[in-house]
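Undergrad: Take a look at this one; I'll ask things after.
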Amino acid sequence: MKLFATWKAALSATIPVAGEPMFALAEGSAGVDSSRGRSTDVKAAQSSVPAPQENRPAKAEPILSCRDLWKVYGGDARRVRAILAEGSSRDEKIARLIAEGANPSVAGVSLDVRNGEILMVMGLSGSGKSTMVRCLSRLIEPEAGEVRFEGLDLLQAKPADLTEIRRRKIGMVFQNFGLMGHLTAINNVAFPLRVQGMALADRLAKARGMLELVGLAGREDCLPHQLSGGQQQRVGIARSLITDPDLWFLDEPFSALDPLIRKQMQDEFLRLQAKLHKTIIFVTHDFLEAARLGDRIAIMKDGKIVQIGSVLDFLLNPADDYVRSFVADVPALRVVKAGQIAVPAKEPFSSQGDPVVNADESIESTLKCFLGGAQRVVVRKADGTIAGVIDHNLIKSFLGRTNSGHA
Amino acid sequence: MLEAFPNRQSLTALGCFGALALAVLAVMFGRELSWLAQVPASFSLPVSNWTNAAIATFSTEFRSLFRFVGDALNWQLKTLQSVLLDIPWSVMIVVLTLGALRIAGPGLAALTATTCLYIVFAGYWKESIATLTLVSLGLPLACIFGAALGILAHSNRYVAAAVDAVLDVMQTVPAFAYLTPLIVLFGFGPVAGLVASVLFALPPMTRNVKVGLDQTPRETIEAAEIAGCSRLQMFALVRLGAATRQILMGLNQTIMATLSMVIFAAVIGGFEDIGWEVLRAARRAEFGNGIIAGLVVTLLAILLDRVSEAAFVRERQPQNKLSAPSFWGLAVLAGGVVWVVIAPLLPSPAQLSMRPYLAPVLNDSLMSVSVYLSTVTATLKSVITTYFLLPLRIGLVRSLTPAIWGFEMSPALMAIYVTVFCGSALVLAFRQQVGAALGVLFAGLLLYTGFSGMPWLPLIAGLTLVGWWLGGIRLAAITAGGLMAIAVSGFWPSTMFSAYLMAASIITAIVLGGLLGVLAAEYEPVSRTMRPVNDFLQTIPPFVILIPLIMFFQVGDFSSYLAIVAYAIVPMARYTEQGLRHVPATQSDAGHLAGCTSLQLLFLVKFPAARSDIILGLNQTIMAALAMLAVAALVGSRGLGQDVYIALSKADSGMGLLAGLSIAMIAMISDRFMRRMAVR
Ligand SMILES: Nc1ncnc2c1ncn2[C@@H]1O[C@H](COP(=O)(O)OP(=O)(O)OP(=O)(O)O)[C@@H](O)[C@H]1O
Ligand SMILES: [Mg+2]
């Protein structure tokens, strides 16, 4: 009872009134760091117990951030810039741009991505996901806004600097693969190294290793059109990783894969990320994938980010009907992990007798323990320390507040 | 959908009706209204003299430059030729066959060997080597300049527009037309022909390079950008690589164009190549030699096309066990061994030539065949000439005489004629088919006057109006300006003669080609037999077709007409078949369900659905006919083609260029018309 109250208090600290979004998404403030906000609150309420549940990297300066980013297709370039330069609100600007016959594909997006974080981007087709990613890597020039990477203003960077940054620090996987049709798989993978001037033997050796990693050993000498869509995508993934970039953009990297390979690639992705700690922006259409892989999720609509936050935020407090439609059929029991709702035990306790689950197991498996008659479940982190506990009431309230309650 | 009443369509109809009325007046009062009927003498300007003067100034101004380039090319030609001639024929055959084996597989290797042996025994080894020399010198030049232009056009939008316009003209002006100024610049001889070949073969290279570079997929470019490509790397590693396939396709076309023009340029003479032999044989009516030499040209063309296609265009499978260096090493070794061991034992090609024995026999037997068939061919010729060609050229008014048709255009007949045409036009007009009504009236007038009697001003006015209706003020301006320019430079009568020849052959090509296309679309065996014939007709250099035509039908309009038809029929048949085959199955199923007979299905469902394909084919047919016009002039028709040809022999570059430009002008105007029509 007490425990439940604590958790609820922790939640209600950020949810003043039920039904309102957990985080107000004011103009240009879509980038409020929700997880950080919440964990601070939890900490405040629970000063005696160390560390909140989620195994996120510690607080850090954002490595990539953008402010009020606009990309407008069509329309008269000069008029578009004039409209964007005005002080009016975002929605006003959008309305005026559309009236001009222009198409704001990215509309005033602001966001921060921390070092080592995985940000998943979702949204309907045409909502501007790819365009936003392209702006962040400056493949296309935004009409307005600012993009900072490691403190450097990317949009103002000189061509030589930009080239250097891209060679060393940025990798990207493209929705339609973007392979060079005239190069074999291995040469495609080695291409970034070739551009950097690495010797032939060295780069081929590295590329061969990379292809092995993505499960394409033996297909080195195939031309792209001799590979299936999924295989081509894996070549693209291998290519994007070969320079060991710090910042990794993935535009629907797994969409072309069959479910089995996709699952394998996701596992591989998580394994890699546990080792490499890259900063990742990952576009996907699959909420389960987003929940599984991401630290945070951003949902876009008509070029705007309508909500950004953790899986739990989306399940508990979808910002509007559009967002709700994304999570409507999501099996909350399966996507939320035990570690995400466990609360630290107030009084010291002995874990004897209570079943123990791992923090990254789903609520579903926790539920099984309760069905087995347990009163509470102890949640253990990967490193063996105790993350917290989940008791009967907590699970009940969780079921009640998510759609899994109706299921 | 209501438009204001005096809309473009009704204005055009009214205007065309007016033009028709004017034309009728001009025909009726030819003497009083002669300025309306014929281009007045005072109207023409000495444009061709001005052009000549300009070219003369240009050539004296840059004489040393052209002399230098000409000498350099001449030296290269001579050197390469003597090097190639020094290689014994047996060595050449072994190396070429091995090369074809490597590049294109055993089938084409066999064809290579056969062709080479045929050339040796036909006694045309030296001449074929001369042709090969021209091709192997012209090809790299065309590739280099063509690719450079393509890259320029790729990198700048304005250059692209300019290049595009120039290429359009270059591809429609018959090559004969720029031979003449080239002779002025480079002197009489093979160099002018070589330069003409380079000019002629360069557009496909330019076009394909530009398209290839432009079409690099966006994400490929972006992936390269993320990899941090510099501009040079982007071009060399990414765009060029992505364009390779397209460029190789261009290379295949460039090779064929070079060969075709090298054969063509033989009319200048001076290099004793195989084209010259064909031409000489045709001129002297030595059909035995003509056929033997024509077959050499045909085999060479087919061989070059197939081998280069196999090498560049088709997917290459790594089938050979030997690596490339070791294979070519072996090939050279084999060549060397043959050179040292076998070649000295073999007689020279001249000694091996069977032609002295073969040609007379062939000639005699061909002659007897043509004599044997002469009743048939003569009847065919006279029937088509009397009842189709003549009325189109000089009109019923002059062909309907007792001497030609056996009876006269009596007033009663005339009345019937007018009634039939005006009546059907009226009926059509009542059915709201104003366009068709105007078409019927125009056809009636044309049939009456023929192309030569067609009043020029009303014709230009009518065409301009149609151009306005189809493509707005721009197309109207192009039409009026182009036709007026032709009239002013004094080429109107020639143009009308060419128009007659074109109309006759195009009508025939449409009817026959369309029929073949329909048959091919309906019956697979027809399609299968037609394909190689079409390939053959499109591959061989056009003037090889002329030899059998002269043989059976002698020199004259009729042979020109047949030559043009043979060349122009291919696109019509191809596009019709393709269009009909691509009609969605659901549409023809719907037709079947509605209870169409198969003819109804064809006319009510399939033709309309295949319309844009067929119009495209029609456009290609017109272009092919125009391209053939100058060649057909070799067998003695009049018109613009002959003007070009005469200019060549008189070295009158002004006249040649202007006549050529007139053809290009007609090509351009009709191309625009057809494209607009396809969209409507
Ligand atoms: N090069 C372009 N020119 C014009 N408009 C563009 C261009 N690229 C994208 N757009 C427009 O921008 C909008 C967003 O496109 P974007 O490709 O970013 O969508 P997306 O969210 O990635 O969709 P999907 O899930 O289908 O990949 C669309 O309305 C599209 O029409
Ligand atoms: Mg996309």
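The values are calculated or read from the model by the stated rules, or taken from the named source; none is laboratory data. Predicted model only: the values in this text are computed from it and were never measured. A quick note on method: Cβ atoms are made from the backbone with ideal geometry, for glycine too, and the neighbour counts reach across all protein chains shown.
Undergrad: Looking only at the stretch A:98-114, decide whether some residue is within 16 Å of ligand 2 (Cβ to nearest atom), among the hydrophobic types (A, V, I, L, M, F, W, C) and assigned to a loop (DSSP other than H, G, I, E, B).
TA: No, because not a single residue in the stretch A:98-114 is within 16 Å of ligand 2 (Cβ to nearest atom), among the hydrophobic types (A, V, I, L, M, F, W, C) and assigned to a loop (DSSP other than H, G, I, E, B).
Undergrad: Return the only residue of B:Met256, B:Met261, B:Met234, B:Met249 being more than 16 Å from ligand 2 (Cβ to nearest atom), in contact with a helix residue (DSSP H, G or I) (Cβ under 8 Å, 6 or more places away or on another chain) and closer than 30 Å to A:Cys135 by Cα. Spell out the reasoning first.
TA: On the way: B:Met256 fails: closer than 30 Å to A:Cys135 by Cα; B:Met261 fails: closer than 30 Å to A:Cys135 by Cα; B:Met249 fails: closer than 30 Å to A:Cys135 by Cα.
One residue alone meets the criteria, B:Met234.
Undergrad: Looking at the stretch A:119-136 only, could you name the residues that are surrounded by 22 or more Cβ atoms within 10 Å (Cβ to Cβ), more than 10 Å from ligand 2 (Cβ to nearest atom) and more than 23 Å from B:Gly228 (Cα to Cα)?
TA: Matches in the stretch A:119-136: A:Met120, A:Met122.
Undergrad: When the stretch A:258-299 is examined, which residues are found to be at pLDDT below 90 and within 16 Å of ligand 2 (Cβ to nearest atom)?
TA: If the condition is that a residue be at pLDDT below 90 and within 16 Å of ligand 2 (Cβ to nearest atom), then no residue fits.
Undergrad: The conditions are (1) within 16 Å of ligand 1 (Cβ to nearest atom); (2) of a type in the set (Lys, Arg); (3) not in a helix (DSSP H, G or I), and A:Arg134 fails exactly one of them. Which is it?
TA: (3)
Undergrad: Now for a different question. Can you name the residue in the stretch A:243-266 that is buried (at least 22 other Cβ atoms within 10 Å of the Cβ) and of a type in the set (A, V, I, L, M) and is also farthest from ligand 1 (Cβ to nearest atom) among such residues?
TA: Within the stretch A:243-266, the match that is farthest from ligand 1 (Cβ to nearest atom) is A:Leu247.
Undergrad: Residues in the stretch A:118-136: is at least one more than 14 Å from every other protein chain (Cβ to nearest Cβ) and in contact with a Cys (Cβ under 7 Å, 6 or more places away or on another chain)?
TA: Taking every residue of the stretch A:118-136 in turn, none turns out to be more than 14 Å from every other protein chain (Cβ to nearest Cβ) and in contact with a Cys (Cβ under 7 Å, 6 or more places away or on another chain).
Undergrad: Given the structure, is A:Asp244 within 14 Å of chain B (Cβ to nearest Cβ), in a loop (DSSP other than H, G, I, E, B) and either more than 30 Å from A:Ile63 (Cβ to Cβ) or within 16 Å of ligand 2 (Cβ to nearest atom) (or both)? Spell out how you get there, then give the answer.
TA: On the way: within 14 Å of chain B (Cβ to nearest Cβ): yes; in a loop (DSSP other than H, G, I, E, B): yes; either more than 30 Å from A:Ile63 (Cβ to Cβ) or within 16 Å of ligand 2 (Cβ to nearest atom) (or both): no.
So A:Asp244 does not fit the description; no.
Undergrad: I'm told A:Leu139 meets every condition in (1) away from ligand 2 (no atom under 15 Å from the Cβ); (2) assigned by TED's automatic domain parsing to the domain that holds A:Asp295; (3) farther than 20 Å from A:Val306 by Cα; (4) over 18 Å from the mean Cα position of the chain (by Cα) except one. Can you identify the failing condition by its number?
TA: (1)
Undergrad: Using the structure shown, decide if B:Val209 is surrounded by 18 or more Cβ atoms within 10 Å (Cβ to Cβ), away from every other protein chain (no Cβ under 14 Å) and closer than 30 Å to A:Arg166 by Cβ.
TA: Criteria met by B:Val209.
Undergrad: What helices (runs of 4 or more DSSP H) completely inside the stretch A:153-215 contain at least 3 residues that are more than 10 Å from every other protein chain (Cβ to nearest Cβ)?
TA: Because the criterion is at least 3 residues that are more than 10 Å from every other protein chain (Cβ to nearest Cβ), the helices (runs of 4 or more DSSP H) in the stretch A:153-215 that meet it are A:185-196, A:200-213.
Undergrad: Against the definition (modelled with pLDDT under 90, within 16 Å of ligand 2 (Cβ to nearest atom) and either surrounded by fewer than 24 Cβ atoms within 10 Å (Cβ to Cβ) or within 24 Å of the chain's Cα centre (by Cα) (or both)), how does A:Gly236 come out, yes or no? Before you say what the answer is, go through the steps one by one.
TA: Working: modelled with pLDDT under 90: no; within 16 Å of ligand 2 (Cβ to nearest atom): yes; either surrounded by fewer than 24 Cβ atoms within 10 Å (Cβ to Cβ) or within 24 Å of the chain's Cα centre (by Cα) (or both): yes.
No.
Undergrad: Taking the stretch B:619-647 on its own, how many of its residues are surrounded by 21 or more Cβ atoms within 10 Å (Cβ to Cβ) and touching a Gly at 6+ places or on another chain (Cβ under 9 Å)?
TA: Within the stretch B:619-647, residues that are surrounded by 21 or more Cβ atoms within 10 Å (Cβ to Cβ) and touching a Gly at 6+ places or on another chain (Cβ under 9 Å) number 16.
Undergrad: Let me ask you something else. With the requirement that a residue be within 14 Å of chain B (Cβ to nearest Cβ) and among the hydrophobic types (A, V, I, L, M, F, W, C), what does the stretch A:216-235 give you?
TA: Result: A:Cys222, A:Leu223, A:Val235.
Undergrad: If you check B:Gly439 against the conditions, is it assigned to a helix (DSSP H, G or I) and not assigned by TED's automatic domain parsing to the domain that holds B:Leu640?
TA: Here the answer is yes, as B:Gly439 does meet what is asked.
Undergrad: Can you pull out the residues in the stretch A:135-179 that are of a type in the set (Lys, Arg), under 30 Å from A:Asp76 (Cα atoms) and without any contact (Cβ under 8 Å) to a residue 60 or more places away in the chain? Steps first, answer last, please.
TA: Here is the first cut: in the stretch A:135-179, the residues of a type in the set (Lys, Arg) are A:138, A:148, A:158, A:166-169.
Narrowing further to those that are under 30 Å from A:Asp76 (Cα atoms): A:138, A:148, A:158.
Hits for the stretch A:135-179 are A:Arg138, A:Lys158.
Undergrad: May I pose another question? Return yes when B:Ala201 is over 30 Å from A:Arg239 (Cα atoms), more than 9 Å from every other protein chain (Cβ to nearest Cβ), in a helix (DSSP H, G or I) and under 19 Å from the mean Cα position of the chain (by Cα) and no when it is not.
TA: yes
Undergrad: Quick one: which residue in B:Ile144, B:Ile226 is more than 14 Å from chain A (Cβ to nearest Cβ) and more than 29 Å from B:Ser670 (Cα to Cα)?
TA: Numbers: B:Ile226 fails: more than 14 Å from chain A (Cβ to nearest Cβ).
Only one candidate qualifies: B:Ile144.
Undergrad: When the stretch A:267-304 is examined, which residues are found to be within 16 Å of ligand 1 (Cβ to nearest atom) and either of a type in the set (A, V, I, L, M) or within 14 Å of another protein chain (Cβ to nearest Cβ) (or both)?
TA: Kept after step one, since they are within 16 Å of ligand 1 (Cβ to nearest atom), are these residues of the stretch A:267-304: A:281-287, A:289-290, A:297-304.
A:Ile281, A:Val283, A:Ala290, A:Ile297, A:Ala298, A:Ile299, A:Met300 - these are the residues of the stretch A:267-304 that are within 16 Å of ligand 1 (Cβ to nearest atom) and either of a type in the set (A, V, I, L, M) or within 14 Å of another protein chain (Cβ to nearest Cβ) (or both).
Undergrad: While we're on this one: Looking only at the stretch A:296-341, which residues are in contact with a strand residue (DSSP E or B) (Cβ under 8 Å, 6 or more places away or on another chain) and small (Gly, Ala, Ser)?
TA: Within the stretch A:296-341, A:Ala298, A:Gly303, A:Gly309, A:Ser310, A:Ala319, A:Ala338, A:Gly339 qualify.
Undergrad: Report, by residue number, each residue of the stretch A:292-321 that is acidic (Asp, Glu) and in a loop (DSSP other than H, G, I, E, B).
TA: A:Asp295, A:Asp302, A:Asp320
Undergrad: Would you point out which residue out of B:Ile510, B:Ile473, B:Ile478 is part of a helix (DSSP H, G or I), within 29 Å of B:Glu577 (Cβ to Cβ) and either out of contact with any helix residue (DSSP H, G or I) (no Cβ under 8 Å at 6 or more places or on another chain) or of a type in the set (Val, Ile, Thr) (or both)?
TA: Details: B:Ile473 fails: within 29 Å of B:Glu577 (Cβ to Cβ); B:Ile478 fails: within 29 Å of B:Glu577 (Cβ to Cβ).
Result of the check over B:Ile510, B:Ile473, B:Ile478: B:Ile510.
Undergrad: Still on this structure, I have one more. Is it fair to say A:Asp321 is closer than 30 Å to A:Ile98 by Cβ, away from ligand 1 (no atom under 16 Å from the Cβ), surrounded by fewer than 20 Cβ atoms within 10 Å (Cβ to Cβ) and modelled with pLDDT of 90 or more?
TA: Numbers: closer than 30 Å to A:Ile98 by Cβ: yes; away from ligand 1 (no atom under 16 Å from the Cβ): yes; surrounded by fewer than 20 Cβ atoms within 10 Å (Cβ to Cβ): yes; modelled with pLDDT of 90 or more: yes.
Taking the combined requirement at face value, the residue satisfies it.
Undergrad: Of the residues B:Ala520, B:Ala485, B:Ala504, B:Ala461, which single one is in contact (Cβ under 8 Å) with a residue 60 or more places away in the chain, in the same structural domain as B:Ala566 (by TED's automatic domain parsing) and part of a helix (DSSP H, G or I)?
TA: B:Ala504
Undergrad: For the stretch B:215-227, which positions are more than 15 Å from ligand 1 (Cβ to nearest atom) and in a helix (DSSP H, G or I)?
TA: B:Ala223, B:Ala224, B:Ile226
Undergrad: May I pose another question? Check the stretch A:150-171 and report whether any residue there is within 16 Å of ligand 1 (Cβ to nearest atom), under 20 Å from the mean Cα position of the chain (by Cα) and either modelled with pLDDT under 95 or surrounded by 22 or more Cβ atoms within 10 Å (Cβ to Cβ) (or both).
TA: no
Undergrad: Further question: Just checking, does the stretch A:83-97 include any residue being more than 14 Å from chain B (Cβ to nearest Cβ), over 12 Å from A:Lys304 (Cα atoms) and within 16 Å of ligand 2 (Cβ to nearest atom)?
TA: Residues of the stretch A:83-97 that are more than 14 Å from chain B (Cβ to nearest Cβ), as a first pass: A:83-97.
Of the ones still in play, those that are also over 12 Å from A:Lys304 (Cα atoms) are A:83-89, A:92-93, A:95-97.
Still in the list and also within 16 Å of ligand 2 (Cβ to nearest atom): none.
Scanning the stretch A:83-97, I find no residue that is more than 14 Å from chain B (Cβ to nearest Cβ), over 12 Å from A:Lys304 (Cα atoms) and within 16 Å of ligand 2 (Cβ to nearest atom), so the answer is no.
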